[in-house]
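The values are calculated or read from the model by the stated rules, or taken from the named source; none is laboratory data. Just so it is clear, the model here is predicted, and its values are computed rather than measured. Cβ atoms come from the backbone with ideal geometry, glycine included; neighbour counts cover every protein chain shown.
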């Protein structure tokens, strides 16, 4: 990023290649609609380029990038809300998204504290878990994705979201409790929760 700060376009292209897939996966989850993920990721990278001269090497680049991404996502969510667009049912994740579903599945099972004996097909389970995460509030969803998917520490998440470390711990705790509550009927009896039904 220090080379990018000095207008090195090749270094910028290298950063985009390195972080593009991760950022698109993150935006599929924290953005207002999964079909906007690539556009939101592109917008994030455009903002990185425009802000390159203000970059300070104090924090990890990924933390700075995810801070910008969270802001882009919040702005897009507000914009979509103002336009009152009808949110169509998102297409199931595929390709690199399958890894995200696996991580979300692990998060849900961790949150539940249970290992159900009769898990149905992975695709259905992944879709139910993805929708359960989508049912979380914006801040809980963002904190959860940065923690589980991007492996950021509490301090890094706090910096990216503009919160205290204590607030991040609280958000993650509430996110896990909310996931457990949403998924409990599915874990106990295989019943698809109301919050995740299309």
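Quick notes
- If you filter the range 1-18 down to residues that are in a loop (DSSP other than H, G, I, E, B) and in contact (Cβ under 8 Å) with a residue 40 or more places away in the chain, you find that the one that is surrounded by the most Cβ atoms within 10 Å (Cβ to Cβ) is 1.
- Screening residue 59 with (1) within 16 Å of residue 4 (Cβ to Cβ); (2) in contact with a helix residue (DSSP H, G or I) (Cβ under 7 Å, 6 or more places away or on another chain); (3) not in a loop (DSSP other than H, G, I, E, B) gives one miss only, at (3).
- Residues within the range 19-54 that are assigned to a loop (DSSP other than H, G, I, E, B) and either assigned by TED's automatic domain parsing to the domain that holds residue 147 or farther than 17 Å from residue 1 by Cα (or both), tallied: 3
- Condition check for residue 76 on (1) in a helix (DSSP H, G or I); (2) farther than 18 Å from residue 140 by Cβ; (3) modelled with pLDDT of 50 or more: one failure, at (2).
- Scan of the range 19-38 for residues that are without any contact (Cβ under 8 Å) to a residue 60 or more places away in the chain and either surrounded by 15 or more Cβ atoms within 10 Å (Cβ to Cβ) or under 18 Å from residue 149 (Cβ atoms) (or both), ordered by number: 19, 20, 23, 27, 31, 32, 33, 34, 36, 37, 38
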